Each structure stands twice: as structure tokens, then as C-alpha cells.
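The values are calculated or read from the model by the stated rules, or taken from the named source; none is laboratory data. Not measured: the values here are computed from a predicted model. So basically every Cβ, Gly included, is an ideal-geometry build from the backbone, and we count neighbours across all protein chains shown.
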Amino acid sequence: MNKYLRLLRFELKGLTRDPITLLLLAFPALLLALSCYALPLVLRTLPPMEALAAQAVTLLMIMMVASFGGIMAGAMATFTLLDHKDEHTLHTIAATPLGLPGYLLFKMAYVYLSAAVSVFLVLFGTKLLAADAYTLMGIRLLDRLSAGDIIAFSLVSALTAPLLALLLGALSKNKVEGFAWIKGSGMLAFIPLLLLLPAFNGAKQYFLGVFPNFWASKGLTNLLLAQRHPADLSFALYLFIGAALSLLVTAGALRLFLRKVQY
């Protein structure tokens, strides 16, 4: 147990050396401020809209809040992995009793937990502090989410973080390449927004199923709308499929990372 505590202290010390990772650590607080103050202000200043347009805009805001936590945690973890690559410390880590695979599993565990806490705090904090802003036809949409629903969504949505960290860490040779990959991977955060398009209603939604973050986001969207298409699944089943797919892709990304660094 002591070796894991020492490793955690080492990791936390490494995070404080890089201003980029410090900014990413502050991102949940920035996102909460955005969801509680900036986005409601945008909604209030919009001209009167038809019901369908109002639904789309309100859902768009909520899904933006819910989607970015795991993506940003994955970006932060990618930078720390690339730090090790740039500083050639992976050989040193491999020589420790924990070994490189053990170190990566430990690192991805705390990255996942931090992402899950971030997603929960932002979504639950928005529900507590600004639910009135996300109202549709007199109904506060966030009231349709219980604390249990938000916890379940957070646990599955946060699996995006270790998946991205390992995959982008394997594909990038250094921080410069990593930054380019991270910018491209940011498009994943917009996948849930495609769920609002009529083109992906019904069975066509499953074309987006190749993206692991689709499943939890679709389950959340159905809860917010309180409606189901015959082709839809239950909230629990969306989460189960999303978790299984994310874990499968993460396992493949871990093997790819180890192969790329030749361990």
C-alpha cells in the first residue's frame, strides 16, 4: 500500500510542474461556472423560440456540460504520459517493482476516479445551482435526473478519460504531436450533440454506437426528454453497453501503448 501512496505523491507533484495540467485541473470549476452562469445567460438572451428549437438549444447546453469532463481528464492524463516519454522516464518506471503495466493501471485508475468525480460535480452542481435555467415548457429538465442517475452516468462517462489517455499516448511521439491529437479528439465531445439531429432518431442512432461515449450520452438524453422511441434501450442497458465497449477499447489501447514503447 505504501508504494502506491508514494507513487500517488510523485504523480501529484508532477502535475504541479506543468501549467497546462494545472489549467486542466481547474477545468471542472470553470465548467461548473460556465454551466451555472454563462450558459443560463445565453439561454435568457435568446429570442423566443418554438418548442422544438427551445428543446434542442436547452438539451445542447446540458449535453455540453455533461460531455467535457471525461475528455478533459483524458487530455490531462495524455500530457503526463507524454511527459514521461519526453523525459525518458519510462525505462526507470519499468525497473521498479510495480513495472510499467502496473504503473499504467494505477495511473489510469486515479485518472478515471478524478474524471468521474469531475463529471458528477459539474452535472450535480448544475442541477443544484442552476436547474431553473434549463427549463423547457415549464419543466426543469435536470429535475428528471436523480443523484443515482448522475452517479451512474458519471461512472460510465468517465471511462472516456483512460481510454483517450492511453490511445493518444500511444499514437503521439511527443507533446507537440500529443497536442495535435488532443485537439482532434475534442471532436468526441460533440458526438452526443449529434443525438439531437433528426437524422439519428430511432434505429439510426446506432450508427454512432462505434463511439464509446455515445451510449451513456444517449441514455442521459432519453432521461432528460422523458420519452422513448421503440428502437431505444433502457438507461441501464445504454450504460452497460457503453461501459463494456469503453473497457474493451481501453484494454486494446493499453496493449498498443505497451507495444509502442516496447514493453
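Worth pointing out:
- Screening Ala244 against (1) surrounded by 15 or more Cβ atoms within 10 Å (Cβ to Cβ); (2) at pLDDT 90 or above; (3) within 19 Å of Leu155 (Cα to Cα) leaves a single unmet condition, (1).
- In segment 104-132, the qualifying residues are those that are out of contact with any strand residue (DSSP E or B) (no Cβ under 8 Å at 6 or more places or on another chain), among the small types (Gly, Ala, Ser) and surrounded by fewer than 21 Cβ atoms within 10 Å (Cβ to Cβ), and the one that is farthest from Leu43 (Cα to Cα) is Ala109.
- Within segment 197-206, the presence of a residue that is touching a Gly at 6+ places or on another chain (Cβ under 6 Å) and either closer than 22 Å to Ala77 by Cβ or assigned to a loop (DSSP other than H, G, I, E, B) (or both) is excluded.
- Hey, Lys173 outside any helix (DSSP H, G or I) and either modelled with pLDDT of 80 or more or touching a Leu at 6+ places or on another chain (Cβ under 9 Å) (or both) or not: yes
Residue by residue, here is whether (1) out of contact with any strand residue (DSSP E or B) (no Cβ under 9 Å at 6 or more places or on another chain); (2) under 23 Å from Ala161 (Cα atoms); (3) free of Cβ contacts under 8 Å to residues at least 12 places away in the same chain holds:
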residue	(1), (2), (3)
Phe200	yes, no, yes
Ala203	yes, no, no
Leu208	yes, yes, no
Phe214	yes, yes, no
Lys218	yes, yes, no
Ala231	yes, no, no
